[in-house]
Amino acid sequence: MNAKRISDLEEWLAIDIPDGEDSEDEYNVDDILTNEEAQNEVEKLDKYFLRNEQLSEVTELVNNDDFIIFDFPEGNNQNQCTSSDSSIIDTRTLRSQTSQTPIDVNVPVDGGVIPENIEPNIEINRQWKKKNEITADLPQYDVQQLLYNENMFAGCKTATDVFLKFIRPIVDNIIFQSNLYATQNNKNLKLTEKELYAFLGINFCMGYNKLPSYKLYWNTSEDLHVRSISKAMSRDRFLEILSNIHVNDNANLPNNNKDKLYKLRPMIDTLNKIFPEAYYGTRELSVDESMIKFKGRSTIKQYNPMKPIKHGYKLWCIADLNGYILKYSVYQGKNETLEQEFDKYNLGERVVLMLTKPFWKQQRIIMFDNYFTSITLLERLKNEQTLACGTIRNNRKGMPQNLKKDSDIKRGDFDHRFSTSGIVIFKWKDNKVVYLASNYHGNETTTVQRTSKDGSKSNVTCPTLVKDYNAFMGGVDHADRLRALYCVDRKSKKWWLRIFWGLLDIVFVNAHVVYCQIFGQTDVLEVRRSIALGLMAECDPTSKRSICIKRTPPTAPNNRRKKAMSIVKDVRLGNRYDITK
């Protein structure tokens, strides 16, 4: 059969393509129509058909599985099928589907051949198809025998030794900047390394030994006094260090400074460099947001009613299964540097790309929730040889529109579609409908156990993707739990001090994870106490510096005449009387 060659993009096209036996596509097909009836049932199609990503003539199409439909812009169509075109119509008629996003085509197509100058101007839509695929064998992952850097932690015998490996690179800067800040304010701080360690240890001790006011730790009452704190440092010295602690030089603040975290920038950058060097992490990583509590005034304070900490500073974090935070970023609003690097992506996508960039081409598996997930992001990570999956919102751009309705899905049922770019979308119903997306999963099924209100347990069918997501997603949440147990809950009028203590709590969490990898699983409180006592012991009270620690405010001299010593009664009375009787 000789079909007319398509000479104009806006030509109306009507064809008959029989459905396969197992076809489940979204097109309505007339059951039995004669040629004459089919002509009356023809609908106008503003579609063109491609086969193997090449424009094809109509006669080459065999069945519904052999073609992909691409949308073209609507226009004032003037060329319609004439009676001579009716030879291509048989007993069934394919109806058009509702288009979502048309592609941009600026030149006509002639004879099913794509001109060379059309490629740069075409943005091909993703095409979705329901089919069965199995999860391919995961690429070989270069797993480390030890998750931590053995050379870095060689010789560490205590939790304090592990903790010091993380903070030593930032200690010298804190000491220098604190003394500089005190000098700029006409004060003589003379902060030393041992004093800074003791100062940090006291704050860690206050995290698990809480009192209404930090001044009470030096109270002499038996029910309030904490001897280890008062022995390490005096109250006045503690307050003096607290009021002068600093991380960056205010005098070097640029006039047009756009970095709202300038006061903490050296500390943030140094820790972000140390964390991945000290610990390699598991293959499965998760990206999520975390919060540092703060209710004061700050331009970067965020409000999130869905989080346990509703007011505070938002951190974007990537962590492994053990809760080790490999990289983080404090959210401060618009970030021009990040936007220039990933200018074609939205905020959630940029955050994931920024946090995962050091792990590209390592065959890692990244998990994230529906705040971050998009089809564009999954495709980009797949191009970077990074596996990824997560929950996704049903209104994301590019989502397939022909999935089953919510009312047609029972608990344990799901519908799915695979895209031509290798992305799979699942619509699964548990207690409610959930959408998930992945760039490496197939449509295999497994079961998850659910508990009813009456206590009975039942197995619910689900895609394998659901089970993997639940198993590997909670790394950042686990780190938050470890950090919240005995955190340094230090209130301050200085907005940046809250972030300072929050980052030190993150350092403690990472030190705890590494310590457990070296010496075995250990209780969080025991590790916290070991670090706090070890840091406070760094400040030796017998050293010369202890003079300043025990110093007291000067008092006025006492000019009162001392009372003369009196003679004992038995001597004065000459033992004349027995005073014991």
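For the range 204-306, which GluC sites (Glu not before Pro) are in a loop by DSSP, counting at most 10 other Cβ atoms within 10 Å?
GLU222
Given a cut-off of 18 Å, name the pairs among LYS293/LYS314; LYS295/LYS491; LYS327/LYS494; LYS263/LYS494; LYS165/LYS210; LYS405/LYS429 whose C-alpha atoms lie farther apart than that in the structure shown.
LYS327/LYS494; LYS165/LYS210, as the Cα separations exceed 18 Å there.
Taking Rh as the Kirkwood radius, which is the inverse of the mean 1/r over Cα pairs, what is the Rg/Rh value for the range 384-469?
Rounded to two decimals, Rg/Rh equals 0.99.
Taking 37 °C and 0.692 mPa s as the conditions, I'd like the Stokes-Einstein D for the range 383-430 in µm²/s, using the Kirkwood hydrodynamic radius from alpha carbon pairs.
The Stokes-Einstein estimate is 268 µm²/s.
Semi-axes, largest first, in whole Å: what does sqrt of 5 times each Cα gyration tensor eigenvalue give for the range 144-212?
Over the Cα atoms of the range 144-212, the ellipsoid semi-axes are 30, 18, 9 Å.
FYI, it's all coordinate maths here, none of it is from the lab. It should be emphasised that the depicted structure is a prediction, and the values quoted were computed from it without experimental measurement. Here Cβ is always computed from backbone atoms with ideal geometry, including for glycine, and neighbour counts include all displayed protein chains.
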